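Before any comments, here is the structure.
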Amino acid sequence: MTAAWRETQLRWLAESFPEKEPRERCNSTMSDERSGYDGVVQEVRAVFDPLAQRLGLGRPDVVRRNTEFSLRYFGEDLSLSVRVELMDFFIVPMVFCGDVEPIDLDDSRGCRKMHVHTALEKLGVCDGGERQQRAQRLGGDYRNCTEMAKVLAELVEYGWGVLRVRAGELLVV
């Protein structure tokens, strides 16, 4: 296929179907969205990877889905999951015990994983309110990604010592 023939075909498509973009433009838009998705993953990892290292957690297991992704950092006593919802854009840090993240928050045996701010509230460490409110104000806009991740990473780091020691009071292994 020559460049001239390809250009002719793209011009014909644009003229024949003016309401639709030629295939080449559609593909470049898709790749831009993909790089945007990858960019969000990198921004969140840039904040949480160093935190996980300071907390003694391993490298993340990255799980990608269409409208969200999760970073799972596994530790000996307590593990951290950072879920990023791309549709409403919100970052949700959660803690769980064990080396496999439970699917649901709880089951017949009890609570299996918990939002970090909820765990800190239940332990009476802090109300998590100020940081949680700051994170909520930043939610809904992916352009606030790094700032939101930093606010939530501060919350995780602030409460990690107590969460690790008292995880048995909150979570079922």
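The values are calculated or read from the model by the stated rules, or taken from the named source; none is laboratory data. Here the structure is a predicted model, which means the values were calculated and not measured. Glycine gets a Cβ as well: all are built from the backbone with ideal geometry, and neighbour counts include every protein chain shown.
Looking at the stretch 54-66 only, could you name the residues that are out of contact with any strand residue (DSSP E or B) (no Cβ under 7 Å at 6 or more places or on another chain) and either surrounded by 13 or more Cβ atoms within 10 Å (Cβ to Cβ) or farther than 13 Å from V156 by Cα (or both)?
L55, G56, R59, R64, R65, N66
When you look at S70, is it at pLDDT 90 or above, among the polar types (S, T, N, Q) and over 16 Å from E157 (Cα atoms), yes or no?
Against the criterion (at pLDDT 90 or above, among the polar types (S, T, N, Q) and over 16 Å from E157 (Cα atoms)), S70 qualifies.
Can you find a residue in the stretch 127-135 that is in contact with a Leu (Cβ under 7 Å, 6 or more places away or on another chain) and without any contact (Cβ under 8 Å) to a residue 40 or more places away in the chain?
Yes - at least one qualifying residue is present in the stretch 127-135.
In the stretch 120-161, which residue that is in contact with a Cys (Cβ under 9 Å, 6 or more places away or on another chain) and closer than 24 Å to F96 by Cα is surrounded by the most Cβ atoms within 10 Å (Cβ to Cβ)?
Only one residue tops the list, namely L120.
Answer yes if at least one residue in the stretch 125-145 is closer than 21 Å to D61 by Cα, touching a strand residue (DSSP E or B) at 6+ places or on another chain (Cβ under 7 Å) and modelled with pLDDT of 85 or more, and no otherwise.
no
Output the residues belonging to the stretch 136-167 that are without any contact (Cβ under 8 Å) to a residue 40 or more places away in the chain, within 16 Å of E43 (Cβ to Cβ) and of a type in the set (S, T, Y).
none
Condition test on R54, is it over 17 Å from the mean Cα position of the chain (by Cα) and not in a loop (DSSP other than H, G, I, E, B)?
Criteria met by R54.
Are any of the residues in the stretch 16-25 within 29 Å of A153 (Cα to Cα) and either in a helix (DSSP H, G or I) or modelled with pLDDT under 75 (or both)?
No, the stretch 16-25 has no match at all.
If S108 satisfies all but one of (1) of a type in the set (S, T, N, Q); (2) modelled with pLDDT of 75 or more; (3) out of contact with any Asp or Glu (no Cβ under 6 Å at 6 or more places or on another chain), what's the number of the condition it fails?
Tallying (1) of a type in the set (S, T, N, Q); (2) modelled with pLDDT of 75 or more; (3) out of contact with any Asp or Glu (no Cβ under 6 Å at 6 or more places or on another chain), S108 fails exactly one: (2).
Of the residues that sit in the stretch 162-173 and are in a loop (DSSP other than H, G, I, E, B) and touching a strand residue (DSSP E or B) at 6+ places or on another chain (Cβ under 8 Å), which one is surrounded by the fewest Cβ atoms within 10 Å (Cβ to Cβ)?
If we take residues in the stretch 162-173 being in a loop (DSSP other than H, G, I, E, B) and touching a strand residue (DSSP E or B) at 6+ places or on another chain (Cβ under 8 Å), then V172 is surrounded by the fewest Cβ atoms within 10 Å (Cβ to Cβ).
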